[in-house]
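Below is one structure; the comments refer to it alone.
The values are calculated or read from the model by the stated rules, or taken from the named source; none is laboratory data. As the structure is a prediction and not an experimental result, all values here were calculated from the model. Backbone-built Cβ (ideal geometry, glycine too); neighbour counts: all protein chains shown.
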Amino acid sequence: MWADKIVLNSICYENYSIINEISYNLGKQAVVASIDVRKKNDEYVLYSDCGRKKQNIKEKYIWCIEIQNTECESIVFDMYRKCIFRETFIYLFF
């Protein structure tokens with residue numbers, strides 16, 4: 001079995017170690033972690049389910065580092081601002 005690319009979002013909040021399992025089976029180059037972010041009152045808030053479900057993660061920076069330490073090729077940060085403007089940042093790991 002193989003895949004060109006798969007993007008994981010909601011499952012990363014439930015069990016981010018699944019990234020390593022999928023990378024083992026499909027290859028690291030095929031796995032991208034996606035994190036939806038909104039800025040509210042000068043604070044960044046993480047979301048899942050395509051930006052619909054707020055995640056209550058207090059240590060956001062540490063959680064992102066844990067995702068970075070998995071076997072994914074890259075992390076995509078989707079920044080939503082006032083629901084009309086969206087920026088995407090992609091971090092590749094080499």
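Among the residues of segment 30-49, is there at least one that is closer than 17 Å to Met79 by Cα, of a type in the set (D, E, K, R) and assigned to a loop (DSSP other than H, G, I, E, B)? Yes; the residues of segment 30-49 include at least one that is closer than 17 Å to Met79 by Cα, of a type in the set (D, E, K, R) and assigned to a loop (DSSP other than H, G, I, E, B).
Restricting attention to segment 38-61 and to residues that are of a type in the set (Ser, Thr, Tyr) and crowded, with 17+ Cβ neighbours inside 10 Å, the residue that is farthest from Ile19 (Cα to Cα) turns out to be Tyr47.
If Ile35 satisfies every condition in (1) surrounded by fewer than 18 Cβ atoms within 10 Å (Cβ to Cβ); (2) in contact with a helix residue (DSSP H, G or I) (Cβ under 9 Å, 6 or more places away or on another chain); (3) at pLDDT below 85 but one, which is the exception? For Ile35, the failing item is (1).
Scanning segment 62-73 for residues that are over 12 Å from the mean Cα position of the chain (by Cα) and either in a helix (DSSP H, G or I) or loosely packed, with under 12 Cβ neighbours inside 10 Å (or both) turns up just one, Ile62. Within segment 8-28, being exposed (fewer than 13 other Cβ atoms within 10 Å of the Cβ) and either in contact (Cβ under 8 Å) with a residue 12 or more places away in the chain or in contact with an Asp or Glu (Cβ under 7 Å, 6 or more places away or on another chain) (or both) holds for Ser17, Tyr24, Asn25.
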